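Have a look at the structure below, then the notes.
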Amino acid sequence: MSRGRFGMRAAGVAALAAVVSLLLLGCTRSKPAADAEWPDKPGPKVVVSFAPLYCFAANVAGDDAIVRNVMTTSGPHDFNPTADHVRLLTKADLLFAVGLGLDPQTEQMQKGSGNAKLKLVELGKSIPKDKLCEGHCEHAHHAADHKHDDDPHVWLSPDHAAIMVNAIRDELKAADPVHAAGYDARAAGYVARLGALKAYGLEKFKGKKDNRLVSFHDSLAYFEKCYGLEIRGVLTQKAGQEPDDKQMKKLIRICADENKPTRVIAVEPQYSNSTSGETLKKELVAKGVKNPVLVEIDTLETVRPDDLTPDWYEKKMRENIDKLAAALE
Ligand SMILES: [Zn+2]
């Protein structure tokens, strides 16, 4: 069903309109949103594709570099760059994306900017091949332009996040060697915090007999591996698309398996008008699965511009962990 995706797009346009009207009103508050201008300040100018990368880059940048995020209320599955986004890139030095097929819009944006010195860095490429998962889905997941089969949702594991943080550190040091020591120190500090985030989740999930869940879109494989959970199936084959009868029947069969009953169904705030989670829950009640429950897990693909602070990633990850730990028995 495409209504949700169009809705998301409309919300993105509305958010942009809000940013533009704030600028017209002379609001000078600095926002990590898609402002088209750069402040008059020395240091590398860094653009990131979406919110988790903003947090990773901002924590390494400190006051030595300026970081801007482009995707806000429209995440990588639904995003279309505007002229403002491309304009931001005309004066940027670095453009960080995940790659792995997640955010191919960044290639167009780099080309469209006409900025020959702008370097596009796909951070997913810094993750060793043996640490990448294959997508669970049977069909092309990430848009029409489905180039490879690696699951791109790498930011949902703090271990993988740390690898990307170190890659960001290396790019910033190369762009701005004078401040290398600062980038090193801040990256090390943030990687330590990511270690604490991993430990927090492991502690919360420790001793759960029931560690099984169904994920909403095929996004939680790295989260699953990092925290020792078991994803038994995926509701939507493509973000925002409702499952067909065949897929729903298969999921019901998997979840109602007596040996491995699965009662936790992840849904996503980005696709809150989807009814598939509720449908699956009802079917599982009918099949005698005890206490099926919907849990809202945010895959961090979208953000309200005002919410985006450097600690947003850690905060949202902890919220996900808390909700899931409360639901698993
Ligand atoms: Zn996704």
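Restricting to region 300-312, give me the number of residues that are part of a loop (DSSP other than H, G, I, E, B), more than 16 Å from the ligand (Cβ to nearest atom) and not charged (D, E, K, R).
The initial filter retains those residues of region 300-312 that are part of a loop (DSSP other than H, G, I, E, B), namely 300-304, 308-311.
If we keep only those that are more than 16 Å from the ligand (Cβ to nearest atom) too, we end up with 304, 308-311.
Filter once more, so that each one left must be not charged (D, E, K, R): 308-310.
Of the residues in that region, 3 qualify.
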*Identify the residue in region 185-232 that is within 16 Å of the ligand (Cβ to nearest atom) and of a type in the set (Gly, Ala, Ser) and, among all such residues, is farthest from Ser157 (Cα to Cα).*
Ser215
*asked:* Could you go through region 203-214 and let me know if any residue there is aromatic (Phe, Trp, Tyr), surrounded by fewer than 19 Cβ atoms within 10 Å (Cβ to Cβ) and farther than 30 Å from Lys246 by Cβ.
replied: yes
_Pairs please, first residue from region 142-165 and more than 11 Å from Lys131 (Cβ to Cβ), second anywhere and modelled with pLDDT under 50 and small (Gly, Ala, Ser), Cβ atoms under 8 Å, 6+ apart in sequence or on different chains._
His146/Ala140
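Right, Arg253: among the basic types (Lys, Arg) and in a strand (DSSP E or B) or not? Quick ask: steps written out before the conclusion?
Details: among the basic types (Lys, Arg): yes; in a strand (DSSP E or B): no.
Here the answer is no, as Arg253 does not meet what is asked.
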_Let me spell it out: the conditions are (1) of a type outside the set (A, V, I, L, M, F, W, C); (2) touching a helix residue (DSSP H, G or I) at 6+ places or on another chain (Cβ under 9 Å); (3) within 26 Å of Lys238 (Cα to Cα), and Thr309 meets all of them except one. Which number is the exception?_
(3)
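For region 205-251, which residues satisfy the criterion of being within 16 Å of the chain's Cα centre (by Cα) and closer than 25 Å to Ala162 by Cβ?
Filtering region 205-251 for residues within 16 Å of the chain's Cα centre (by Cα) gives 215-224, 226, 238-240.
Listed by number, the residues that qualify are Ser215, His217, Asp218, Ser219, Leu220, Ala221, Tyr222, Phe223, Glu224, Cys226.
Could you check region 284-299 and list, in sequence order, the residues that are within 15 Å of the ligand (Cβ to nearest atom) and surrounded by 23 or more Cβ atoms within 10 Å (Cβ to Cβ)? Even if it seems obvious, please write down each step before you answer.
Just the residues of region 284-299 that are within 15 Å of the ligand (Cβ to nearest atom), to begin with: 297-299.
Selection gives Ile297, Thr299.
From the residues in region 228-243 that are outside any loop (DSSP other than H, G, I, E, B) and open to solvent by less than 10 Å² (accessible area, probe 1.4 Å), which one is modelled with the highest pLDDT? Let's see the steps before the verdict.
First pass over region 228-243, keeping only residues outside any loop (DSSP other than H, G, I, E, B): 230-236.
Next cut, open to solvent by less than 10 Å² (accessible area, probe 1.4 Å) only: 235-236.
Numbers: Leu235: 93, Thr236: 90.
Restricting to residues being outside any loop (DSSP other than H, G, I, E, B) and open to solvent by less than 10 Å² (accessible area, probe 1.4 Å), the top hit is Leu235.
The values are calculated or read from the model by the stated rules, or taken from the named source; none is laboratory data. This one's a predicted model, so the numbers in the text were calculated from it and none came from an experiment. All Cβ positions, glycine included, derive from the backbone under ideal geometry; neighbour counts span all protein chains shown. Protein only, heavy atoms only, side chains kept; ligands, DNA and RNA dropped before computing areas. Shrake-Rupley method; radii C 1.70, N 1.55, O 1.52, S 1.80 Å.
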